[in-house]
Structure formats: structure tokens, C-alpha cells
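Take a look at the structure below.
The values are calculated or read from the model by the stated rules, or taken from the named source; none is laboratory data. Treat the numbers as computed from the prediction; the structure is a model and nothing was measured. Neighbour counts are summed over all protein chains in view; Cβ atoms, including those assigned to glycine, are modelled from backbone coordinates with ideal geometry.
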Amino acid sequence: MNEARDTYFKLLQKKAETDNRIMFVLADCAGFVFEEFRKKYPDKIVNVGIAEQNAIAVACGLSLAGKIPIVYGHSPFILTRTLDQIKSAIGIMNLPVSIVVNGVGFSQPWFGPTHFNMDDISLMSSVANMKIITPSDMSLSEFAAHLTIMAESPLYLRFDGRYSANILSSVSKSDFSDGFRIIKKGTSAAVISHGNCVSRIIPLVEKIEKEKGIEIAVIDVFSVPYNDGKLYEAIGDSPVLAIEEHIENGSIGQMFATYIKVNNKPNKVKLMNIDYNGRYPACVSADINWFYKSYKFTDNDIISNIKQMTER
């Protein structure tokens, strides 16, 4: 069950019961999260079928008519098939349309490489006025839902189903303003990440800390753009490891590495990304661990990279 995604949609559905501006545009990607809502409010859902470009066009029309449209589709199709519409109609016109995808990174291994989404941050960060949010737990999903209702510009929201519990039990809304949140502090090194990787990294970091007697910061950079100056202040001069199920080009880690270089900061920055050299391997397994092993993204690989960053 994708609890982070479902939290986002259920909050918006609750709001939609009394706010007639909220409309859901689906590209044949409804799922159980819309089952009850569709029965009660069929006029607040438009399902265009497997026609992602049309979904974006319909959402643009609804936005121009004063509605709050949320487009939902499978990743990567709702993005790559519609990039021209997103750039030209949503981005350049600065329409407050929210585009929601399910299945980023390796989160749907049973569908094979056609459903992998390793370059979407790179693509969407090039769209004018676009804000990208990757919720790593339900508290960020709630923040994303409120942001959707209040948005005056385009939003791109990335979900996968590999996390459930809240990483931080209570975080005030103000903590989200800089586009990142500090999960734990530390001065030996800093690990930055987002999405499912955050909850995956935490126990690995704790294992290393116990073994080496050190403290490692873990920071969830959930938004693009984010406040890179304040992120640097939070990290200080510590070495930084960025871990992402995303290609290196256009990744959050690369963005931060550029900030470090341009501003002549002393930090050592290492990027841990998915390097598929323009092609994915033949899919021989529906087990995500097979893909992690293929791309050197296993827990042991992560531990090895973190340890390297803590060696002075």
C-alpha cells in the first residue's frame, strides 16, 4: 500500500467535498484510493484513459477556468509523453496544475524498465516555474496536499510505495519552507537524499555510527528548488554523500555539488546515483534487490560509500 500517496489524495478528497474547485484528472491510473470518492463525487473526476497528453490539456483548461486540477498517472508516462505540453502550456503559462506520479525510481520492478523513472527531476527542473516535491513520509504528503490547494504555480509530486511510517512524528509547517529537513544532526559527514532512500538510509547510518563512534547527519532534501545556502549552513564543512535513485545529471546531489564548487566551499562531495549508461539491463527479475545489485545500490554499497566519506 502506498500510504504516502494515499495520504496525499485522501486529504485532497476530503477538501474536495466542500471545495468545488478541486478536480482530479486521471490517465487510466485510479487505483483503490479513488474507489469510494468516485462513487460519491463522479463529477469531480475526469478519466481520460491512456491519453496522458490529453490529461495535461484537460488540466490546463480546468486551471484556466478557475479550478484546482490534480493530474495523476503512471511514472514515467505522465511526464515523458507530455513534456511538450508541460513545458509550453503549464510551465510557460505558469498555471497552478499539480502533476502527480506514482512509481519513481525502481519502485515498480515487476513492470520492468519501461516503468522506471530515473531522470524526472532533471527533466522537470528545466520547466519554467516548476516546483518538485518528493514526499518521504505522510507528514510531507500532508504538506504537499496543502501546497497543492494553495499553489499559484505548477507542482510535480513524486511518490513510490516503499515507506509508510512518519520519519519525524511532529514537524511544524514552517520546517518545510527551505525545501529540506534535518532528520538527524552530525559533524563527521552528511548524507542527503529524498523519497524512499531517506527511511532506508537511517538504520544504515545508525549502524555505522555505533560501529565507528561517530555522528552522521541525515538530511531529507524533498524539494527542488531548495535553499542551498541554508542547506550548506546546516552541513557546514562536513563531507557530503548524496544518495538518489536517479541519474547523476540533474540530480539534487549534482545541484548541491555545483553550489559547493561555484561558492568555493571546502566540502568533499560524492554522488551515489543510478548509472545505466543510456540503457537498462534485460529485466530478469521482479525483485528490486536484483536491480539494486545490478547498479551497485545495495545496503552494503550504501554503507561502503558512507564509510568512505567518514575517513579523514
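Mind checking which residues of region 31-75 are assigned to a loop (DSSP other than H, G, I, E, B), hydrophobic (A, V, I, L, M, F, W, C) and surrounded by fewer than 19 Cβ atoms within 10 Å (Cβ to Cβ)? I50, A51, A65 - these are the residues of region 31-75 that are assigned to a loop (DSSP other than H, G, I, E, B), hydrophobic (A, V, I, L, M, F, W, C) and surrounded by fewer than 19 Cβ atoms within 10 Å (Cβ to Cβ). Is there a residue in region 20-35 that is acidic (D, E) and out of contact with any Lys or Arg (no Cβ under 6 Å at 6 or more places or on another chain)? Among the residues of region 20-35, at least one is acidic (D, E) and out of contact with any Lys or Arg (no Cβ under 6 Å at 6 or more places or on another chain), which makes the answer yes.
Checked against the criterion of being within 16 Å of P154 (Cβ to Cβ), modelled with pLDDT of 95 or more and touching a Pro at 6+ places or on another chain (Cβ under 8 Å), the candidates V71, V97 yield just one match: V97.
Can you name the residue in region 180-221 that is charged (D, E, K, R) and without any contact (Cβ under 8 Å) to a residue 24 or more places away in the chain and is also surrounded by the most Cβ atoms within 10 Å (Cβ to Cβ) among such residues? This residue is E209.
Just checking, does region 86-100 include any residue being touching a residue at least 40 places away in the same chain (Cβ under 8 Å), surrounded by fewer than 18 Cβ atoms within 10 Å (Cβ to Cβ), touching a Lys or Arg at 6+ places or on another chain (Cβ under 8 Å) and farther than 17 Å from S141 by Cβ? Scanning region 86-100 turns up no residue that is touching a residue at least 40 places away in the same chain (Cβ under 8 Å), surrounded by fewer than 18 Cβ atoms within 10 Å (Cβ to Cβ), touching a Lys or Arg at 6+ places or on another chain (Cβ under 8 Å) and farther than 17 Å from S141 by Cβ. Counting the residues of region 97-120 that are polar (S, T, N, Q), out of contact with any Leu (no Cβ under 6 Å at 6 or more places or on another chain) and under 15 Å from L79 (Cα atoms) gives 3. Among the residues of region 91-150, those identified as in contact with a helix residue (DSSP H, G or I) (Cβ under 8 Å, 6 or more places away or on another chain) and aromatic (F, W, Y) are F106, F143. Do we have F24 as over 25 Å from N273 (Cβ atoms), in a helix (DSSP H, G or I) and either among the basic types (K, R) or not assigned by TED's automatic domain parsing to the domain that holds Y295 (or both) here? No. K184 meets all of the listed conditions (1) in the same structural domain as Q254 (by TED's automatic domain parsing); (2) modelled with pLDDT of 95 or more but one, namely (2). Take V104 and tell me if it is crowded, with 22+ Cβ neighbours inside 10 Å, touching a residue at least 40 places away in the same chain (Cβ under 8 Å) and closer than 20 Å to I22 by Cβ. So V104 does not fit the description; no. Each residue in region 135-164 was checked for being crowded, with 20+ Cβ neighbours inside 10 Å, assigned to a loop (DSSP other than H, G, I, E, B) and either among the acidic types (D, E) or at pLDDT 95 or above (or both), and 3 pass.
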